[in-house]
Every structure is written in structure tokens, then in C-alpha cells.
Amino acid sequence: MNNAWPTFFGRFTGDEELYSILYTEWIEYQVVCFDPSKNKPLGYGFVVPIHYDGNLDKLPDGWNNAILQALDDYSSKKNPTALNGMAIIVDPDAQKQGISLEIIKKITDICRQHNFHSFIVNVRPILKHQYPLIPLEKYAHWTIPTGEPFDPWIRTHVRAGGEIAHVSSDAVVIKGTIDQWQTWTGLSFQDSGEYIVKGALVPITIDLENNIGIYREPNIWIIHTINPNSTSS
Ligand SMILES: CC(C)(COP(=O)(O)OP(=O)(O)OC[C@H]1O[C@@H](n2cnc3c(N)ncnc32)[C@H](O)[C@@H]1OP(=O)(O)O)[C@@H](O)C(=O)NCCC(=O)NCCS
């Protein structure tokens, strides 16, 4: 389902080897929505168990830091108290059918079964790329006439019981040379500065002198509190 992401996400600097534990030690927490009639998966919910005590200031900043904290908690035998969403992905052919809401509900069910404090997610708002110049701090609180969040993905989490917390400013960081960015985006970068790139939630920064382009993607924390008393280690 790699086509579910912008093309340059293939260059996400996260270390994929770190993620193998999701399919071994932490398999019981992962969610797959499978269509037996087509014999194929329609969606996934990838999560990692972490120790979270309900203090918003202690949330890991970004996907890579979440997996690092989860691994650290695991090796130091800290009891997990939350599931941290790494990615919820629905096959493009199966989108807009409510599958993601079912995946979120299943993850919160798993949290309940384990008596976890919460399901916490660093959400990548799906329509933010259309408003790359608006700060996420403001965009996250845009609404539709019903009063629900404007962004459908934030809205889905809020409908499932999630609460919007703060912005995680470096949720995904992608660095590359100017040549790499030109290949990844099909654009020409002939001056240093900020550029709007297809699929990016904020502009990328191009620095010709140092031959580097950097994308720092903000995401928004959403907290699904399941059992506020379950925070012991
Ligand atoms: C975000 C994603 C998981 C949503 O999955 P989904 O199963 O299609 O979502 P749902 O069918 O439950 O729809 C939830 C809402 O989002 C809307 N929606 C879904 N995809 C949309 C799209 N591409 N554009 C606009 N709205 C969309 C639905 O219409 C619905 O809105 P509603 O509140 O008006 O009913 C899916 O689009 C996806 O996999 N995207 C790529 C990966 C990604 O960005 N994941 C999230 C970051 S971890």
C-alpha cells in the first residue's frame, strides 16, 4: 500500500529494521482488516506499546522517537500503558467506506482488553497538504458547520472519542540532497528558499549552498483516553 503515501515518503529517514518487532513481540496489538472474498488486506493499524502516564509533555516527538521509546520501555521491562499509533493505512481502492473508523475502534478495544490508559496517535491530517501555508496549530481547529473538525482524518479520530492535543512539530523529518529532492518531486530548485511540494503538509526548505533539502512534517497528537487510572509501571 505504498501508494497510500506521497512519493517522497519512501525516503522517510526512519530505520525500518526497528519495526520488525511489530511482527514478532507486538503482533497481538496489530490490526489487519482482511477481505476474505478478495483474499487481500484492505487496511492496517500499526501500533507500538509504550509507557505513557497521561502527561502530554512526555509524548514522544514523531514516529521514530515513538518506536525508540517503545523499544527502550520494552528492554527496560517497563509495563506498557498505552498503544501509540504508528500508521493507519487503508488501500486506496477501499477508502471512504468507513474502514479506518473500524480499525481505530479495534485498536481501542485492544487497549481496553489490556487495561491500557490510552491509544495515542500522532495524526497526519489528510487534507492539510492542500493548505501548506497554514500553521497546523490553526488548521487542526478548523471546523465544518456541524462543529466537527474540518479535516476528515482528525474528524474520524474525534468521532471515535479522541481529543485533539498539541502539534508535534518534527513528526517526520526527511533530508536529501538537491538532486535527490529534484528526482523525488520532479521540480527544479534553482534558488534557496521554501518550496511547496505535492503531498507535503508544509513547505520544504532548500539550501543550495549546503546541498540539502529538508522536510519537517508536523502532525497533531490525538489522545483516546481509555482508562485514566491505568498509568502504573
Ligand atoms: C486516512 C485514511 C486511513 C482514511 O481511511 P478511510 O477508511 O478511507 O476513512 P473513512 O472511510 O473511515 O472516512 C473517514 C472520513 O474521511 C473522509 N475521507 C476519507 N478519505 C478521504 C480523502 N482521500 N479525501 C477526503 N476525505 C476523505 C471520508 O469521507 C470520511 O468523512 P466523513 O466524516 O465526512 O464521513 C486513508 O485515507 C489512508 O490510508 N490514507 C493514506 C495514509 C494516511 O495518510 N494515513 C493516516 C496517517 S497515519
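The table below lists the values:
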item: Conditions (1) more than 16 Å from the ligand (Cβ to nearest atom); (2) buried (at least 18 other Cβ atoms within 10 Å of the Cβ): number failed by ASP179; result: (2)
item: Leading residue by the ranking (farthest from HIS141 (Cα to Cα)) among those in the stretch 198-233 that are β-branched (Val, Ile, Thr) and assigned to a loop (DSSP other than H, G, I, E, B); result: THR231
item: Hits in the stretch 153-178 (condition: farther than 20 Å from GLN130 by Cβ and in a helix (DSSP H, G or I)); result: ARG159, ILE178
item: Some residue of the stretch 128-144 being in contact with a Leu (Cβ under 8 Å, 6 or more places away or on another chain), assigned to a loop (DSSP other than H, G, I, E, B) and under 15 Å from VAL48 (Cα atoms); result: no
item: Residue ID - surrounded by the most Cβ atoms within 10 Å (Cβ to Cβ), chosen from residues in the stretch 57-85 that are in contact (Cβ under 8 Å) with a residue 24 or more places away in the chain and of a type in the set (D, E, K, R); result: ASP73
item: Some residue of the stretch 182-193 being in a helix (DSSP H, G or I), farther than 24 Å from ASN64 by Cα and touching a residue at least 24 places away in the same chain (Cβ under 8 Å); result: no
item: Candidates ILE134, ILE144, ILE120, ILE164, filtered to the one that is more than 9 Å from the ligand (Cβ to nearest atom) and over 30 Å from THR81 (Cα atoms); result: ILE134
item: Count of residues meeting criterion [surrounded by 23 or more Cβ atoms within 10 Å (Cβ to Cβ) and not β-branched (Val, Ile, Thr)] in the stretch 86-121; result: 6
item: The one condition in (1) of a type in the set (Lys, Arg); (2) within 10 Å of the ligand (Cβ to nearest atom); (3) touching a residue at least 40 places away in the same chain (Cβ under 8 Å) that ARG155 fails to fulfil; result: (3)
item: Matching residues, the stretch 78-107, being part of a loop (DSSP other than H, G, I, E, B), touching a strand residue (DSSP E or B) at 6+ places or on another chain (Cβ under 7 Å) and either over 14 Å from VAL48 (Cα atoms) or within 10 Å of the ligand (Cβ to nearest atom) (or both); result: ASP91
item: Some residue of the stretch 35-57 being at pLDDT 90 or above, assigned to a helix (DSSP H, G or I) and either farther than 24 Å from GLU217 by Cβ or among the β-branched types (Val, Ile, Thr) (or both); result: no
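The values are calculated or read from the model by the stated rules, or taken from the named source; none is laboratory data. Just so it is clear, the structure is predicted and the values come from calculations on it, not from any experiment. Heads up, the Cβs are rebuilt from the backbone with ideal geometry, glycines too, and the neighbour counts pull from every protein chain shown.
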